[in-house]
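Asks: Right, I'll just put the structure down here and ask away after.
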Amino acid sequence: MNNLDDLIKKQKKNPILKDFMDNDKHKKLIFDYINYPTSKNMIKLDECFRSFYFEIRFTSYILSLIRFASIDFDRKERKNSQRSVLVLDNQENSYLLEKNTVKNDEKEVSLGELFSDPILFKAIHQLTKKEKEILVKAYIMELSDTQIARTNNVSQQSVSKLRTKALKKIKNYIEQRKDE
């Protein structure tokens with residue numbers, strides 16, 4: 001048993017071997033092989049270690065897979081939240097936007113029903129009719145840029161550019177008003 005203790009002390013530096021030797025069943029296999037070095041004992045020890053090592057590798061693989069999947073998920077969520085920066089409220093000041101409506105086959109949406117913040121209302125009021133229409137279709141009717149492009153007979157890129165430009169206008173207007 002002294003030989004086993006000496007061997008264990010030497011191998012304690014390696015975390016995988018340390019974990020392997022902490023198990024009593026594994027210690028017995030090592031002890032059997034050291035005291036009775038037969039091919040049968042060697043095969044048992046080898047199979048047991050291979051199984052143990054496979055479990056460790058498989059577990060670390062699954063953990064890294066989960067980690068990277070969560071990173072990808074967070075990245076996609078962050079990207080979506082950055083695209084959907086416009087927050088719409090259904091509160092007071094709705095009378096200010098009553099004239100700005102967009103008609104769709106399924107819905108009729110009035111921008112006046114959506115905003116409670118007067119600064120946001122004024123920012124949207126400064127947009128062109130086309131920009132307002134694209135924002136309504138993108139954020140209220142939840143249409144994709146491609147669907148909006150088809151209905152307006154323009155390219156998807158122009159819809160994306162117009163939407164981004166409108167959001168930047170709103171952002172800049174709000175930032176200017178907050179500084180005042």
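Asks: Of the conditions (1) modelled with pLDDT under 90; (2) charged (D, E, K, R); (3) over 30 Å from residue 170 (Cβ atoms), residue 77 fails just one. Which one is it?
Replies: All conditions are met except number (3).
Asks: Next question, about the same structure. If I ask for residues that are of a type in the set (A, V, I, L, M, F, W, C) and modelled with pLDDT under 80, which ones from the range 2-20 would you list?
Replies: Once the filter is applied, which keeps residues that are of a type in the set (A, V, I, L, M, F, W, C) and modelled with pLDDT under 80, the range 2-20 yields 4, 7, 8.
Asks: Do we find that residue 32 is in a loop (DSSP other than H, G, I, E, B) and either surrounded by 13 or more Cβ atoms within 10 Å (Cβ to Cβ) or at pLDDT below 90 (or both) in this structure?
Replies: For residue 32, the condition - in a loop (DSSP other than H, G, I, E, B) and either surrounded by 13 or more Cβ atoms within 10 Å (Cβ to Cβ) or at pLDDT below 90 (or both) - is not met.
Asks: Among the residues of the range 78-89 satisfying the criterion of being assigned to a helix (DSSP H, G or I) and either touching a helix residue (DSSP H, G or I) at 6+ places or on another chain (Cβ under 6 Å) or open to solvent by 90 Å² or more (accessible area, probe 1.4 Å) (or both), which is nearest to residue 166 (Cα to Cα)?
Replies: Looking at residues that are assigned to a helix (DSSP H, G or I) and either touching a helix residue (DSSP H, G or I) at 6+ places or on another chain (Cβ under 6 Å) or open to solvent by 90 Å² or more (accessible area, probe 1.4 Å) (or both), I get 83.
Asks: Determine if the range 67-74 includes at least one residue that is within 24 Å of residue 19 (Cα to Cα), free of Cβ contacts under 8 Å to residues at least 60 places away in the same chain and aromatic (Phe, Trp, Tyr).
Replies: No, there is no match, as no residue in the range 67-74 is within 24 Å of residue 19 (Cα to Cα), free of Cβ contacts under 8 Å to residues at least 60 places away in the same chain and aromatic (Phe, Trp, Tyr).
Results for (1) among the hydrophobic types (A, V, I, L, M, F, W, C); (2) exposed (fewer than 14 other Cβ atoms within 10 Å of the Cβ); (3) within 17 Å of residue 80 (Cβ to Cβ), shown as yes or no for each residue.
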{"site": "129", "(1), (2), (3)": "no, yes, no"}
{"site": "132", "(1), (2), (3)": "no, no, no"}
{"site": "143", "(1), (2), (3)": "yes, no, yes"}
{"site": "149", "(1), (2), (3)": "yes, no, no"}
{"site": "154", "(1), (2), (3)": "yes, no, no"}
{"site": "157", "(1), (2), (3)": "no, yes, no"}
{"site": "163", "(1), (2), (3)": "no, no, yes"}
{"site": "167", "(1), (2), (3)": "yes, no, yes"}
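Asks: Do you know which of the residues in the range 122-160 that are among the basic types (Lys, Arg) and under 31 Å from the mean Cα position of the chain (by Cα) is nearest to residue 171 (Cα to Cα)?
Replies: Across the range 122-160, the extreme among qualifying residues is 132.
The values are calculated or read from the model by the stated rules, or taken from the named source; none is laboratory data. As the structure is a prediction and not an experimental result, all values here were calculated from the model. Here Cβ is always computed from backbone atoms with ideal geometry, including for glycine, and neighbour counts include all displayed protein chains. With ligands, DNA and RNA removed, areas are computed over all heavy atoms of the protein, side chains included. Shrake-Rupley method; radii C 1.70, N 1.55, O 1.52, S 1.80 Å.
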